[in-house]
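What follows is a short report on a single structure.
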Amino acid sequence: MDFKHIVVLTGAGISAESGIPVFRSETGLWEQERIEDVCVPEALYRNPKKVHDFYNKLRRNLKDKVPNAAHLALTRLQEEWEKRGGTVTLVTQNVDDLHEKALSHDVIHMHGALRSIWCPRCDKRFPFEGDSAPGDVCPACGAPDLRPDIVFFGEMPYSMGSIESALRQCSLFISIGTSGVVYPAAGFVQVARSVKAHSVEFNLTPSATVSAFDKGIYGKASQTVPEFVESLLKGSYDPRSEN
Ligand code: NAD
């Protein structure tokens, strides 16, 4: 097996074809809301209702969304690679649930998840489906501080230790549908390179970090990712080819 340990990083672009808007585009979420109103810790003190309402809307929007061929291909890769003695660590910046709906396992949601709610007082998380509101009470400790389980700008992403150790062991790093401007995720390719892993980015057009990758494959993720997975599984992927 050429690439025993694989790390996959996914961003908003992998879910775009499932009907979940990306952040940075003309119709993207940041064109509708200002980051400082809904995605920084201070916003929770300034206008908590606006913050809760924003994530309630995103959570409701997940209900009818289904994974596309790119999510499903990654599940297939994870299953097949494990049967062959390898590993596929799936790290997502996405807060949607499409990797779970595609039945991938142990997905690392480094920026949190819409279908989870968090008590910053006792640090417990709970699966969550409905709408949240300021003052919602934690079922574990009773504090009225429950908030969406989302990592805001300026907060530490989740599971950085596990991600870093997976990156340090990987022989292939793949980044799919991410603009490469949000750190620390945008720096993962450099960690992978430092251990001589082969790296490939998938996007519609080259991302901000394209120069750090060995290779770029451009087009819709629902097409490029299944083709790539197929070539890996057949053993026909050539890291030296142009695309
Ligand atoms: P981004 O919105 O900044 O960039 C999305 C990238 O995907 C762009 O580079 C775009 O060219 C590419 N893209 C769009 N459609 C594509 C397709 N069909 N195939 C391949 N690539 C495609 O997203 P990001 O880099 O993930 O941004 C960071 C933050 O946005 C993350 O922290 C994440 O939490 C958040 N976010 C998540 C969701 C979600 O959960 N689905 C949606 C929007 C934003």
**Q.** Cα-centre dipole for the chain with unit charges at Cβ (Lys and Arg positive, Asp and Glu negative), debye to 20
**A.** 240 debye
(Q) How big is the dipole moment of segment 69-145 about its Cα centre under a simple scheme where the beta carbon of each Lys and Arg is +1, that of each Asp and Glu is -1, and everything else is neutral? Debye, nearest 20, please. (A) 200 debye
Q | Isolated Cys residues of the chain, judged by Cβ distance under 4.7 Å to other cysteines | A | 39, 170
**Q.** Peptides 115-125, 39-49, 69-79 ordered by average Cβ neighbours within 10 Å, highest first
**A.** 69-79, 115-125, 39-49
**Q.** Two-decimal ratio, the chain, of alpha-carbon radius of gyration to 2.2 N^0.38 Å
**A.** 1.03
Q) What residue among 11, 86, 138 has its Cα farthest toward the positive end of the dipole of the chain, where the charges are +1 on Lys, Arg and -1 on Asp, Glu, each on the Cβ? A) 86
Q) How large is Rg/Rh for segment 161-243, to two decimals, with Cα atoms and a Kirkwood Rh? A) 0.95
Q.
What do you get for GluC sites (Glu not before Pro) in segment 127-171 restricted to DSSP loop and a cutoff of at most 15 other Cβ within 10 Å of the site's Cβ?
A. 129, 155
Q) Using a simple charge model, +1 on the beta-carbon of Lys and Arg, -1 on the beta-carbon of Asp and Glu, nothing else, what dipole does segment 114-243 show about its Cα centre, in debye to the nearest 20? A) 320 debye
Q: Consider just the alpha-carbon atoms of segment 123-213 and return their Rg together with their Dmax, both in angstrom.
A: 17.7, 49
Q: Work out how much length residue 131 to residue 66 would gain on full extension: take 0.36 nm times their residue separation and subtract the Cα-Cα distance, in nm to one decimal.
A: 21.3 nm
Q: Kindly point out which whole DSSP H helices in the chain project their C-alpha atoms 15 angstrom or further along the helix axis while averaging a Kyte-Doolittle hydropathy of 0.0 or above.
A: 221-234
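Each value in this text was obtained by applying a stated rule to the coordinates, not by laboratory testing. Every value quoted in this text rests on a predicted model; they were computed, and no experiment measured them. Neighbour counts are summed over all protein chains in view; Cβ atoms, including those assigned to glycine, are modelled from backbone coordinates with ideal geometry.
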